[in-house]
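What follows is one structure encoded as structure tokens, with my remarks underneath.
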Amino acid sequence: MIVCHCNVITKSEIVDTVRDLLRPDPWQLITAGQVYHAMEKRGRCCGCFPGVIDIIISTTESVHAEMETHSATVIDLVARIRAEHQRFESIRQLKTRDA
């Protein structure tokens, strides 16, 4: 499934990239910008970023489930990711409204 039409990036490519980024440190906070940078791409319209962040969250949850991390710890990490997502969305909405 294509997630980013501007760069023709699929969901599986994003999942693979997120897993690669989490491999050295599964506790790091992955952003859409990091994912695009790792794939040597740039966000163009950035309309796909909310979907990319959802994929980052679900992939991070999967990685920690595979590691059998205690669920309360994973919930805290996912809450931090979601808070960043909400912050990004608020900024995007303000920019869209002011444009």
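The values are calculated or read from the model by the stated rules, or taken from the named source; none is laboratory data. This is a predicted model, so every value here is computed, not measured. Heads up, the Cβs are rebuilt from the backbone with ideal geometry, glycines too, and the neighbour counts pull from every protein chain shown.
At-a-glance table
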item: Inter-residue pairs, beta-carbon under 9 Å, first within 23 Å of T60 (Cα to Cα) and in the stretch 82-99, second modelled with pLDDT of 80 or more and of a type in the set (S, T, N, Q), 6+ apart; result: E84/T31; F88/T31
item: Test for I14: is it outside any helix (DSSP H, G or I) and either in contact with an Asp or Glu (Cβ under 7 Å, 6 or more places away or on another chain) or at pLDDT 90 or above (or both); result: no
item: Filtered residue count, the stretch 29-58, keeping only those that are surrounded by 18 or more Cβ atoms within 10 Å (Cβ to Cβ) and touching a strand residue (DSSP E or B) at 6+ places or on another chain (Cβ under 6 Å); result: 1
item: Residue within the stretch 60-82 that is at positive phi and part of a loop (DSSP other than H, G, I, E, B) present; result: yes
